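What follows is a set of notes on a single structure, which appears directly below.
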Amino acid sequence: MSTTTPRVDVRSALVVTAHPDDVDFGAAGTVATWTAAGIEVSYCVCTSGEASGEAGRDAAEMARVREAEQRAAAEQVGVREVTFLGYADGAVEPSLALRRDIARVIRRVRPDRVLTWSPEINWSFIPTTHPDHRAVGAATFAAVYPDARNPHAFPELLADEGLEPWSVPELWLADGPVTLRNHAVDVTAYADKKLAALRSHVSQVGAAEGLEENIRAYLAGTASRYGMADGRLAEDFQVVDTG
């Protein structure tokens, strides 16, 4: 398996997801390693997850619940800034409007690293390839390159909001095809924080039995693929140099 070495000069990172809880299932252990290392991490969540729960429930109330859950989960892994963009859950498209809104957040946060979801289908595990995930991945990639760094893209961001262009040096993609993943993060010491973050999403996981066992088994399998010792736990990504 080919691997890549991420940048070490990272002071800030931005995670862009489609729904509340995406980051906690896919990358919260990794985020916890970053914040523990002193990296300032911010979240940008494109929807409020209102298209979930029982049929007939109030969508606005579900959105409020899920936003609160994501903020609580973020606290578990040391993240204090969470931005919600308010796009419709289940109907996200990689539109120019979404690209602009993500580029706005990038220019404001000015991250050295962006983590988002792969725009490609992971045929080996369909549940992670929700259309919203792939749409957000495509829009985020376009926002990273070329929109956020191009002063002529969405000129109103500079002219009206004073947001100077910003070039993101590194992009991490979660939940893409396994064959494209090239970097694993040992999250053994942070698995409890990841699980605490997941448990914050009460409306989604409740008191689900077997959650911890299933998550730990998946992380152990990932660690094994990268040749880590028995008992280690890992999350993996496709790391791309976008400098």
ask   = Can you name the residue in region 50-67 that is open to solvent by less than 30 Å² (accessible area, probe 1.4 Å) and at pLDDT 95 or above and is also farthest from GLU212 (Cα to Cα) among such residues?
value = ALA63
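For every residue, the table says whether it meets (1) farther than 13 Å from ALA139 by Cβ; (2) touching a helix residue (DSSP H, G or I) at 6+ places or on another chain (Cβ under 6 Å).
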residue	(1), (2)
SER48	yes, yes
ALA60	yes, no
ALA63	yes, no
VAL79	yes, no
ARG104	no, yes
task = Among the numbered conditions (1) part of a loop (DSSP other than H, G, I, E, B); (2) over 27 Å from GLU156 (Cβ atoms); (3) open to solvent by less than 10 Å² (accessible area, probe 1.4 Å), tell me where GLU120 comes up short.
result = (3)
Members of region 186-206 found to be in contact with a Gly (Cβ under 7 Å, 6 or more places away or on another chain) and closer than 16 Å to THR5 by Cα, listed by number = none
message = Anything in region 231-243 that is open to solvent by less than 30 Å² (accessible area, probe 1.4 Å), touching a Leu at 6+ places or on another chain (Cβ under 7 Å) and of a type in the set (Val, Ile, Thr)? List them, or say none.
response = THR242
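One line per residue, one yes/no per condition, for (1) aliphatic (A, V, I, L, M); (2) outside any strand (DSSP E or B); (3) in contact with a Pro (Cβ under 9 Å, 6 or more places away or on another chain):
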{"residue": "VAL23", "(1), (2), (3)": "yes, yes, no"}
{"residue": "VAL31", "(1), (2), (3)": "yes, yes, no"}
{"residue": "TRP34", "(1), (2), (3)": "no, yes, no"}
{"residue": "CYS46", "(1), (2), (3)": "no, no, no"}
{"residue": "MET62", "(1), (2), (3)": "yes, yes, no"}
{"residue": "GLU75", "(1), (2), (3)": "no, yes, no"}
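So that you can scan it fast, the table gives a plain yes or no per residue for (1) crowded, with 24+ Cβ neighbours inside 10 Å; (2) of a type in the set (Gly, Ala, Ser); (3) under 13 Å from the mean Cα position of the chain (by Cα); (4) over 26 Å from TYR226 (Cα atoms):
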{"position": "SER2", "(1), (2), (3), (4)": "no, yes, no, no"}
{"position": "VAL10", "(1), (2), (3), (4)": "no, no, no, no"}
{"position": "ASP22", "(1), (2), (3), (4)": "yes, no, yes, no"}
{"position": "THR30", "(1), (2), (3), (4)": "yes, no, yes, no"}
{"position": "GLY38", "(1), (2), (3), (4)": "no, yes, no, no"}
{"position": "TYR43", "(1), (2), (3), (4)": "yes, no, yes, yes"}
query = Where in region 170-230 are there helices (runs of 4 or more DSSP H), lying wholly inside it, with at least 1 residues that are at pLDDT below 95 and open to solvent by less than 30 Å² (accessible area, probe 1.4 Å)?
reply = 202-205, 211-225
Odd one out for VAL114 among (1) in contact (Cβ under 8 Å) with a residue 60 or more places away in the chain; (2) over 22 Å from GLU170 (Cα atoms); (3) not charged (D, E, K, R) = (2)
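The values are calculated or read from the model by the stated rules, or taken from the named source; none is laboratory data. Note that this is a predicted model, so its numbers are computed, not measured. Positions of Cβ are generated from backbone atoms using ideal geometry, with glycine treated the same way; all protein chains shown enter the neighbour counts. The accessibility values were calculated without ligands, DNA or RNA, using every heavy atom of the protein model including side chains. Shrake-Rupley method; radii C 1.70, N 1.55, O 1.52, S 1.80 Å.
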